Amino acid sequence: MSQDVPNFPRSRLLRLAEIERRHFWFVSRRLFLDRLLGRHLPDTGRLVLDLGCGTGSTVERLLSRGLRVIGLDRRPEGLLAVRRSRGDARLIRADGSLLPIEDGRVDAVLLLDVLEHSGESCLLDEVRRVLRPAGLVIATVPAMPWLWSHRDVAAGHLRRYTRRTLTAAFANARFLVRDIRYFQCLLFPLVAAARFLGRRGPLARDIEDRPPRIVNGALEWINRLEVSLGDLIRWPWGSSLAAVGVKE
């Protein structure tokens, strides 16, 4: 195995691979992402770059939607896992700040909890370069800077975002924001309490990572309800933020 990549330790990636298929946050975020893709990238056959694909689970889901996918990450573990399960996937081990992809090649780029780990301008400039005219960038990021806790430090985050700061990052890279919305609003009081208790150490994070099954199921139901109502209600805050930008 390679050495830890700066800003995202191998130990954390292995933990995510263990919990993401059943944990309430990951399950409901997949539903949230499916809704975003259904609104903004409904056509099959489009070429999508999953930049910072992590464990590789999103690459598999995108392929199942009939999209052509490039999975790219600096760490090898998720790429190897996808290679074993999906031999048809195109996978690249590289740095997002210097993409080995030609100009104007892809229809959309996913940055799922990636932007907070890196220099905004450098990464978004590369995303813009590889996108076709009117191509899309879909990003999710941790929201609300005052929620900063040990979870952010351990994950290698450099920042958390607000609607204003994420919109500004997109605008500086010459992306027109088509859609921006918060996620996990209904559970926000519980998240805020957990982050407050977890400012100095990992205990609150580790408890949150492994909730009892009945608690996990209840929290998943609440998040699913929020996602299902998202077409009707523009939630005013949340612990995560998603934005869809169009290359101008």
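The values are calculated or read from the model by the stated rules, or taken from the named source; none is laboratory data. This structure is a prediction, so every number in the text was calculated from the model and none was measured. Cβ atoms come from the backbone with ideal geometry, glycine included; neighbour counts cover every protein chain shown.
A few notes on this one:
- Single match in Ser85, Ser64, Ser118 (criterion: under 17 Å from the mean Cα position of the chain (by Cα) and small (Gly, Ala, Ser)): Ser118
Matching residues to (1) farther than 23 Å from Ser28 by Cα; (2) more than 17 Å from the chain's Cα centre (by Cα); (3) among the charged types (D, E, K, R):
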residue	(1), (2), (3)
Leu99	yes, yes, no
Val141	no, no, no
Thr167	yes, no, no
Phe188	no, yes, no
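- Residues being small (Gly, Ala, Ser), in contact with a Ser or Thr (Cβ under 9 Å, 6 or more places away or on another chain) and closer than 19 Å to Leu112 by Cβ - total across region 204-244: 3
- Residues of region 219-237 satisfying the condition of being surrounded by 13 or more Cβ atoms within 10 Å (Cβ to Cβ) and more than 16 Å from Leu33 (Cβ to Cβ): Leu219, Ile222, Trp237
- Pick from region 29-49, criterion of a type outside the set (A, V, I, L, M, F, W, C) and either at pLDDT 95 or above or assigned to a loop (DSSP other than H, G, I, E, B) (or both), ranking: surrounded by the most Cβ atoms within 10 Å (Cβ to Cβ): Arg46
- Selection within region 187-207 - at pLDDT 80 or above, crowded, with 18+ Cβ neighbours inside 10 Å and outside any loop (DSSP other than H, G, I, E, B): Phe188, Val191, Ala194, Arg195
- Qualifying residue in region 153-163 (condition: under 15 Å from the mean Cα position of the chain (by Cα), at pLDDT below 95, within 21 Å of Val27 (Cβ to Cβ) and not basic (Lys, Arg)): yes
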